[in-house]
Amino acid sequence: MLTVAEVGINKQNSIARIISNTLVQLAKHPIIQAIIVGITLSIVSIQWPQPIATTLNFFSQTATPLALFVIGASLSQLNISKIGSNIFVLCGIKMLIMPLTMLCIFSIMPGVTDEMKYAALILAALPMASATAIYAQSYGVAEEASAAVMISAILSFASLSLVLFAFSNQ
């Protein structure tokens, strides 16, 4: 997805160069670096001294509230009348088409249990990740992305309810 965004910005560069630049930028991004370090430390399973473990635990508990703070700050700058129809189309695709696509894919795949299908549908019916708004800041569309995250969160009440209702009647 980041490559698609970069293509829209850097139309003069070749696709290979854009992909290369995107991968380099991803490798330099602090969130990606933190994920790589976290996975590596999890695999190695280092036992941290208690003061360091407590500090890391405090930091980990602040990630979601900080992301919501960023989204809230972006939404505070948003003029509701400027929310374009493209955001509603995007949210409709995310909240309706994605779960239906997952249902179709998992229905035709051999060896898929009902639990696997259920898990896939629930994941597809969840709202857009709050990280969407954070990444969108790099492209100057943080307000629109924050609006999409907010709208998809509201629509997820309906999409998740439909998924739960469908599976409760089986």
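The values are calculated or read from the model by the stated rules, or taken from the named source; none is laboratory data. Only a predicted model underlies this, so the values are computations on that prediction, with no experimental measurement involved. Cβ coordinates were reconstructed from backbone atoms using ideal geometry, including for glycine residues, and neighbour counts include every protein chain displayed. For the accessible areas, the whole protein counts, side chains as well, though only heavy atoms, and no ligand, DNA or RNA atoms are used. Shrake-Rupley method; radii C 1.70, N 1.55, O 1.52, S 1.80 Å.
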Looking at segment 128-143, I want the residues that are of a type in the set (D, E, K, R) and have a partner that is open to solvent by 60 Å² or more (accessible area, probe 1.4 Å) with Cβ atoms under 7 Å, at least 6 apart or on another chain. Which pairs are those?
E143/Q77
Picking from I105, I122, the residue that is surrounded by 12 or more Cβ atoms within 10 Å (Cβ to Cβ) and over 30 Å from L68 (Cα atoms) would be I105
State the number of residues belonging to segment 77-96 that are open to solvent by 60 Å² or more (accessible area, probe 1.4 Å) and either part of a loop (DSSP other than H, G, I, E, B) or in contact with a helix residue (DSSP H, G or I) (Cβ under 9 Å, 6 or more places away or on another chain) (or both).
8
Can you name every residue in segment 49-90 that is without any contact (Cβ under 8 Å) to a residue 60 or more places away in the chain, closer than 19 Å to S138 by Cα and of a type in the set (S, T, N, Q)?
S76
Determine, yes or no, whether V163 is buried (at least 17 other Cβ atoms within 10 Å of the Cβ), touching a residue at least 60 places away in the same chain (Cβ under 8 Å), among the hydrophobic types (A, V, I, L, M, F, W, C) and closer than 15 Å to L90 by Cα.
no
Right, L155: open to solvent by 80 Å² or more (accessible area, probe 1.4 Å), among the hydrophobic types (A, V, I, L, M, F, W, C) and either assigned to a helix (DSSP H, G or I) or more than 20 Å from I83 (Cα to Cα) (or both) or not?
no
